[in-house]
Amino acid sequence: MTTATAPTAVPTTTKNPLSATGGGVINRRRGRIATVIMAVLAVVWLFPLLWALYNSFREYSYTQTNGYLSFGGWTLDNYKDAWDRGNFGLHLKNSLLITIPAVVLTLFLSSLVAFVLARFSYRFNLTLLGVFLAANLLPPQALLIPVFKMFREIPLPTFMSESGTMLNSFWALILVNTAFQLGFCTFVLSNYMKTLPHEIYESAELDGASVWRQYWQLTMPLVRPALAALATLQVTWIYNEFFWATVLISRGDKYPVTSALNNLRGQFFSDTNLVAAGSIIVALPVLVVFFALQKQFVSGLTLGSTKG
């Protein structure tokens, strides 16, 4: 007669995921090192902005006497003087009249082209995408003379441009910024739209949805994170762009806000604290847009990063 013996339990060792180094899990020591490195890089990255913010609240005479490493000499007059001397009210309005239409037009046109590239397959699909990306491969300085001569010959009604041409008009800056940003936005949106499942378009076609309805009511709501991320980048780039403004605009009252900083420089010396206050004023609209779209901006950048 045989008796059955219970199987002995084999001890298992549990592995702490925090101590694993493979499979994409970082251990605690490396995590601390990475955190310290990122904190140092963040401080280095933010130092110019924080330094300008610190000195914008200080008197120029005090910093000249005690040095910029001193503490004290607080004042709010720098912001008032910078606003008045730089005529920021006018130049901020000019920047808004340039930036908002350029961003809206860029995102709208690029979304149309991206929808066609992602939704339909034909012979010249990649060629068309390459044509739109070609503008991003050329430096703006190489096109300075051709663009200037072309815009000088394009007539406009007097209610659109006082000069009668594209020069010295906001339309010139809107169109040139749209042209240079269209390729990048088309590339990003087309790759984003290709990740959308084709089944939803097949269902829409069975329900009788037209191509325009598939674009406007189906695709556009799904790509809002990508549009928000691109809108944040485009506002930053177009708002801070000054090269084309110096080429296509010759009237001081038409310059964007970045030119207002030149009005704060003196003939023989520059009040750096005053310029710092002006720089903070110029940077505020971009910071407001970024924090307003921060959630959508991060989700637009990280979407698809976990898909394998």
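Per-structure values
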{"item": "Residue in segment 255-269 that is in a helix (DSSP H, G or I), under 30 Å from ASN125 (Cα atoms) and not basic (Lys, Arg) present", "result": "no"}
{"item": "Enumerated helices (runs of 4 or more DSSP H) restricted to segment 55-120, each holding at least 1 residues that are in contact (Cβ under 8 Å) with a residue 24 or more places away in the chain and hydrophobic (A, V, I, L, M, F, W, C)", "result": "77-86, 88-119"}
{"item": "Hits in segment 107-151 - residues which are of a type in the set (D, E, K, R), at pLDDT 90 or above and either touching a Leu at 6+ places or on another chain (Cβ under 6 Å) or surrounded by 14 or more Cβ atoms within 10 Å (Cβ to Cβ) (or both)", "result": "none"}
{"item": "Residue among LEU274, LEU227 that alone is assigned to a helix (DSSP H, G or I), in contact with a Gly (Cβ under 8 Å, 6 or more places away or on another chain) and buried (at least 20 other Cβ atoms within 10 Å of the Cβ)", "result": "LEU227"}
{"item": "Total residues in segment 121-138, condition under 15 Å from THR178 (Cα atoms) and not in a helix (DSSP H, G or I)", "result": "1"}
{"item": "Subset tally (residues that are over 26 Å from PHE132 (Cα atoms) and either in a helix (DSSP H, G or I) or within 28 Å of the chain's Cα centre (by Cα) (or both)) for segment 188-215", "result": "7"}
{"item": "Residues of segment 152-167 satisfying the condition of being among the polar types (S, T, N, Q) and surrounded by 13 or more Cβ atoms within 10 Å (Cβ to Cβ)", "result": "SER161, SER163, THR165"}
{"item": "Those residues of segment 230-248 which are part of a loop (DSSP other than H, G, I, E, B) and either acidic (Asp, Glu) or surrounded by 22 or more Cβ atoms within 10 Å (Cβ to Cβ) (or both), in sequence order", "result": "GLU241"}
{"item": "So ASN177, is it at pLDDT below 90, assigned to a helix (DSSP H, G or I) and polar (S, T, N, Q)", "result": "no"}
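The values are calculated or read from the model by the stated rules, or taken from the named source; none is laboratory data. Here the structure is a predicted model, which means the values were calculated and not measured. Positions of Cβ are generated from backbone atoms using ideal geometry, with glycine treated the same way; all protein chains shown enter the neighbour counts.
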